[in-house]
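Before any comments, here is the structure.
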Amino acid sequence: MIYLTHLPCSARIKPYVQLLWYIAQDENEAAAASPRMIPDGLYHLVINLGDAHSYLDREGNLVSSKRTHVNAHQSDYVDIARSGQVEMLGVMFRPLGFSALLRNPVHEITGGIRNMDELLGPQVLELGERLVDAESISAKFRTLEGWLINMLQPEPTFRPETEAAAAFIIGHHGLVPVRQVAEQVQMTERTLERAFKAGLGVTPKQFADIQRMQFVLQQMELRHERMLHYALQAGFYDQAHFIHRFKRMVGMTPSDYFREKNLLSDLYNTRASTAVTLEEIHR
């Protein structure tokens with residue numbers, strides 16, 4: 001399996017894009033893994049350059065996607081149903097970065113797998129063709145970054161206070177009340193909620209819940225502790241409530257997660273530590 005990341009070079013897109021990523025697996029490797037995308041509060045643009053794959057949501061609905069799409073499931077996990085050769089390129093946006101690519105409020109597309117040509121038009125189809133023709137991974141990253149430079153709006157569509165609020169929530173691992181967040185950025189709670197829904201597609205409370213669970217997953221990667229330990233770290237004082245919330249967002253109990261999580265599932269997560277940057281390979 002190949003998994004590479006690439007930090008954007010252009011100052012034009014750095015405020016919006018956290019990193020670009022590339023994954024490739026042969027057919028046998030792909031058949032052995034069942035990746036699950038766990039909500040992380042960020043939007044991931046996916047360009048599928050390999051064989052077609054589908055998504056299976058929490059309700060058991062199978063959704064087919066076109067080559068270039070975005071996973072807009074922000075509160076539920078989604079499984080990837082694959083067969084054949086895997087080759088994907090993607091964009092991990094910063095919390096409010098995806099809004100700079102759209103012309104409508106983000107909450108209008110949240111909650112599913114969305115095909116990007118339906119949101120942005122034929123430029124998306126042209127991107128897919130150019131990426132297929134690119135002869136190397138480096139060329140694919142350059143092509144994708146150039147496309148983003150042309151497509152992202154030149155000025156931020158979100159208020160800096162909203163960006164600061166998202167950073168404040170992330171910095172506190174979601175363990176902060178919305179009232180305190182609003183006070184920190186000098187906005188009313190109602191104004192903050194409207195700004196979050198327009199820019200992130202979720203409310204500040206929902207975003208905080210996602211960050212809280214991501215913090216738990218990070219701690220699980222570091223060491224195996226009793227469930228009560230993780231519950232307390234995540235601000236839950238009732239272990240049963242913690243397990244219920246964990247299962248809803250991750251799709252399994254914490255105990256099952258320890259047994260069944262696999263490398264590729266983690267690679268689809270923003271906290272993956274196993275990625276190698278393209279720059280490291282070229283050193």
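Annotations for the structure displayed:
- Of all beta bridges that DSSP places with both ends in the chain, some 95 percent have antiparallel geometry.
- Among the listed pairs K14/K247; K140/K247; K205/K247, those whose Cα-Cα separation exceeds 27 Å are K14/K247; K140/K247.
- Relative contact order [Cα under 8 Å, 6+ residues apart], the chain, whole percent: 22
- Taking W21, W147 and counting other C-beta atoms within 10 Å, the order from fewest to most: W147, W21
- Charge-dipole axis of region 1-127 as Lys and Arg at +1 and Asp and Glu at -1 on Cβ define it, positive-most pick from A11, Q85, A100: A11
- 222 nm mean residue ellipticity, helices alone, for the chain (DSSP H n ≥ 4; -39,500 (n - 2.57); rounded to 500): -12000 deg cm²/dmol
- Size-normalised alpha-carbon gyration radius of the chain, reference 2.2 N^0.38 Å: 0.99
- Cα gyration tensor category, rounded, prolate or oblate, for region 1-93 with a/c compared to 1.5: oblate
- For region 160-263, taking the reciprocal of the average inverse distance between every pair of different Cα atoms yields a Kirkwood hydrodynamic radius of 14.5 Å.
- Residues V91, V78, arranged from fewest to most other Cβ atoms within 10 angstrom of their Cβ, appear as V78, V91.
All of the numbers you see were taken from the coordinates with simple rules; none came from a lab. Computed from a predicted model, the values in this text were never measured in an experiment. When we count neighbours, we look across all protein chains shown, and the Cβ atoms used for this are built from the backbone with ideal geometry, even at glycine.
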